[in-house]
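These notes are about the structure you will find just below.
The values are calculated or read from the model by the stated rules, or taken from the named source; none is laboratory data. On a predicted model such as this, the values are computed, not experimentally measured, just so you know. Cβ sites come from the backbone with ideal geometry, for glycine too, and all protein chains shown count toward neighbours. With ligands, DNA and RNA removed, areas are computed over all heavy atoms of the protein, side chains included. Shrake-Rupley method; radii C 1.70, N 1.55, O 1.52, S 1.80 Å.
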Amino acid sequence: MSDPAPDLLELRGVSKHFGSFRAVDDVGFTVRAGARHAVIGPNGAGKSTLFGLVSGTLAATTGSLLLDGRDVTRLPVHRRVGLGIAATFQHSSLFLPETVLENVLLAALRRAGTRAAATARARTLLERVGLPTRHDVPAAELSHGERRQLEVAVALATEPRLLLLDEPAAGMSPAETERLTRLIAALPDDVTVLLVEHDLDMVFELADTVTVMHLGNHLTTGTPDEVRASAEVQSAYLGTTEVTS
Ligand code: ADP
Ligand code: MG
């Protein structure tokens with residue numbers, strides 16, 4: 001590999017304590033600009049907590065987070081969104097009574113100068129995520145898979161440089177997962193993706209870098225091949241799961 005991309009995100013000794021419990025314990029790794037970076041690990045490993053620390057919904061107990069070398073550790077969510085961090089959450093944050101278009105429009109208005117520009121952008125994004133015919137449907141009426149697609153459109157509408165996706169394929173059908181995988185793969189390089197996903201097929205298809213967490217700790221960060229080959233990962237996480245090809 002020549003000419004490595006600069007780091008977009010750097011985590012330095014980041015921890016989150018809930019009382020005496022360390023949900024995230026001294027985690028450090030970097031995310032290259034343009035990366036498709038997956039975070040994997042068993043339930044309770046601290047993946048969603050880590051994402052909360054990056055998006056700003058949770059405050060770090062110790063450590064620091066740098067975006068483009070700038071310390072964002074203490075910035076509130078809206079300031080981080082302004083700097084280009086967008087997240088979809090494991091538990092949906094859609095406005096369910098509002099229409100599909102309105103959900104994307106509300107996010108697009110943060111960036112676009114006019115309502116017309118925001119509407120055009122919202123329509124383009126709904127096309128891209130595969131919801132071009134669902135504009136006028138209340139979000140509450142979407143299928144589970146469609147909601148996840150909508151969440152991705154809402155996140156993209158803020159024009160993120162760093163897109164955090166927490167288990168976007170959870171509860172999706174194989175066809176929906178396949179569509180989402182293609183959507184993420186087709187995102188432009190100026191959108192860096194940090195992805196938590198249980199579906200290891202999706203992880204190993206998409207990711208160029210994989211971080212493994214276990215019980216709040218950072219176990220390893222490497223290429224998919226390195227992670228698959230790691231004995232430590234095999235015993236701590238992949239365990240009996242057979243990972244092939
Ligand atoms: P993952 O996303 O990897 O499954 P989480 O980050 O959701 O893991 O949770 C990591 C650990 O932290 C779990 O044991 C969970 O019960 C605990 N935890 C998460 N949020 C809280 C909270 N608000 N208060 C106390 N414990 C929490
Ligand atoms: Mg989680």
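Computed values, structure above
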item: Inter-label distance, nm, simple model (7 Å from Cα along the C-beta direction), Ser93/Arg79; result: 1.7
item: In Hz, Karplus ³J(HN,Hα) per residue of region 174-182 (6.51, -1.76, 1.60; θ = phi - 60°; x = Gly, Pro); result: x, 5, 5, 4, 4, 5, 5, 4, 5
item: Estimated inter-spin distance, Asp189 and Ser64, nm [label 7 Å along Cα→Cβ]; result: 3.0
item: Theoretical gain in end-to-end length, Glu102 to Thr57 [0.36 nm per residue, Cα-Cα removed]; result: 13.9 nm
item: Pair Thr124, Asn43: separation of 7 Å Cα→Cβ label points (nm); result: 4.1
item: Probe 1.4 Å, accessible area per residue of the chain, Å²; result: 46
item: The chain - percent of accessible surface contributed by carbon and sulfur, probe 1.4 Å; result: 51
item: MRE, 222 nm, helices only [DSSP H, n ≥ 4, -39500 (n - 2.57), over the chain, to nearest 500]; result: -9500 deg cm²/dmol
item: At R0 = 35 Å, FRET efficiency that the Cβ-Cβ distance of Ser20 and Val137 yields, to 0.05; result: 0.15
item: In order through region 132-142: 3J(HN,Hα) via Karplus (6.51 cos²θ - 1.76 cosθ + 1.60), integer Hz, x for Gly, Pro; result: x, 9, 10, 3, 9, 8, x, 4, 4, 8, 6
item: For region 161-239 and region 129-155, distance of Cα centres in Å; result: 23
